[in-house]
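Structure record follows, encoded as structure tokens.
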Amino acid sequence: QFERLAKPLLKPLYHAALRLTRQKEWAEDLTQDALIRGYERFELFTPGTNFRAWLFTILTHTYLNDCERGKRRPLTASFDTANVQGSTWEFPAPDANNDPAAILLVDTLDERLQSALDALPDDYRHAVILVDMEDMSYQDVANALNIPIGTVRSRVSRGRAQMRQALSKDLRPSRS
């Protein structure tokens, strides 16, 4: 049952991890760790509730725990071998150029938008990614980040404002 629920979320989970970490290998590890933790704790999931939000909460907690520990591990396992010896998991394969920015841009963001997102302070960036890109509710993000819902709203609002300001600077005609 876990596999049935998790398979459609592999690519979005990986892309969220890549947006959070900005490092391909760390994003792969983070996705794998979140899936393992979700599988190990699947009995704690309440059927009928939002599985996507539950799994993204695990991903976010794992990421924040890694950040607290200053943990940026080298790649220890590859998603490329997921189909070896009868495995039914099919992980999204990274692009050939192995550039995290390019991987993200293929499916989501243009360079200016990615640059504006990257320029945000981490607290704002995390909230904007989870609300605007992963379509999580404010309440689910509050639960994932262990902060009040009002703080989520504030961070998303301020993050959006900073991104708007950065993007509007790019669109202004230059004076020579």
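The values are calculated or read from the model by the stated rules, or taken from the named source; none is laboratory data. Because the structure is a prediction, the values reported are computed rather than measured. Cβ atoms come from the backbone with ideal geometry, glycine included; neighbour counts cover every protein chain shown. Note: accessible area is taken over every heavy atom of the protein model, side chains too, but ligands, DNA and RNA are not part of it. Shrake-Rupley method; radii C 1.70, N 1.55, O 1.52, S 1.80 Å.
Name the residues in the range 10-23 that are open to solvent by 20 Å² or more (accessible area, probe 1.4 Å) and in a helix (DSSP H, G or I), would you?
Let us first name the residues in the range 10-23 that are open to solvent by 20 Å² or more (accessible area, probe 1.4 Å), namely 11-12, 22-23.
Selection gives 11, 12.
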List the number of the failed condition for residue 37; all other conditions in (1) modelled with pLDDT of 95 or more; (2) of a type in the set (Lys, Arg); (3) buried (at least 17 other Cβ atoms within 10 Å of the Cβ) hold.
(3)
